[in-house]
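Heads up, the thing below is written out as structure tokens.
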Amino acid sequence: MDSTRQISYGLHSKPPALAFVGNSGTGKTTLLCGVLRILRSRGLRVGVIKHSGGFHVPDKPGKDSFRLREAGATELVLGSKDATVFFGHHPGAEPEFERRMALLDPHLDLVLVESYRSAQLPAIEVLRSGHSEAVKMRETENLLAVAADFQPEGIAVPCLPLDEANQVADFICRTVPALQA
């Protein structure tokens with residue numbers, strides 16, 4: 001039985017997005033870094049959105065961007081020849097995922113998303129033995145595969161090896177229609 005699910009995005013002007021979800025400490029970021037390197041080596045343009053529990057704003061008091069935000073800019077784009085940084089201020093009200101997705105270049109081939117289970121994106125759930133062994137997305141259509149360092153019981157989707165980013169990248173390329181040759 002082929003239990004591989006295809007990601008269907010319809011006709012959108014935005015790139016397809018695929019989430020990696022799982023408990024903190026299961027290895028989501030490590031797996032994403034490996035997959036990202038492989039996809040980039042294949043010539044794909046890949047963006048990333050990562051959810052964070054909070055962080056310090058990477059801006060220094062006294063710098064022009066800091067002064068502009070301090071003066072009341074709700075949003076600020078800081079651009080140079082090397083990089084663009086977006087500062088959005090939204091105390092106590094996290095914006096919808098789509099708002100963050102809209103910040104990315106619509107011409108990317110793929111957006112990898114870490115966490116954002118609430119965005120209901122097609123997802124690979126990451127599990128690690130001794131840490132997180134139960135599949136939380138078991139009853140959802142969005143679960144495309146599980147990446148684990150053990151074989152979870154009773155799953156109806158492929159189980160990919162957690163420490164084999166090549167196999168996970170291959171699965172993504174087979175599953176995301178926009179990446180199929």
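Within the range 142-169, track down each residue that is part of a loop (DSSP other than H, G, I, E, B) and either more than 21 Å from Val46 (Cα to Cα) or more than 20 Å from the chain's Cα centre (by Cα) (or both). Working first, answer last.
Pass one, the range 142-169, residues part of a loop (DSSP other than H, G, I, E, B): 142, 149-158, 162-164.
Those that are part of a loop (DSSP other than H, G, I, E, B) and either more than 21 Å from Val46 (Cα to Cα) or more than 20 Å from the chain's Cα centre (by Cα) (or both): Asp149, Phe150, Gln151, Pro152, Glu153, Gly154, Ile155, Ala156, Val157, Pro158.
Residues in the range 138-181 that are free of Cβ contacts under 8 Å to residues at least 60 places away in the same chain and among the β-branched types (Val, Ile, Thr) were compared, and the one that is surrounded by the most Cβ atoms within 10 Å (Cβ to Cβ) is Val146. Ala119 fulfils the conditions (1) touching a residue at least 12 places away in the same chain (Cβ under 8 Å); (2) surrounded by fewer than 17 Cβ atoms within 10 Å (Cβ to Cβ) except for a single criterion, (2). State yes or no: is Ser41 under 28 Å from Glu164 (Cβ atoms) and at pLDDT below 85? Here the answer is no, as Ser41 does not meet what is asked. For the range 44-102, residues that are at pLDDT 85 or above, within 18 Å of the chain's Cα centre (by Cα) and of a type in the set (Gly, Ala, Ser) total 2. None of Leu36, Leu18 is farther than 23 Å from Gly88 by Cα and assigned to a strand (DSSP E or B) except Leu18.
The values are calculated or read from the model by the stated rules, or taken from the named source; none is laboratory data. Since we're looking at a predicted model, the values are computed, not measured. Positions of Cβ are backbone-derived with ideal geometry, glycine not excepted, and every protein chain shown enters the neighbour counts.
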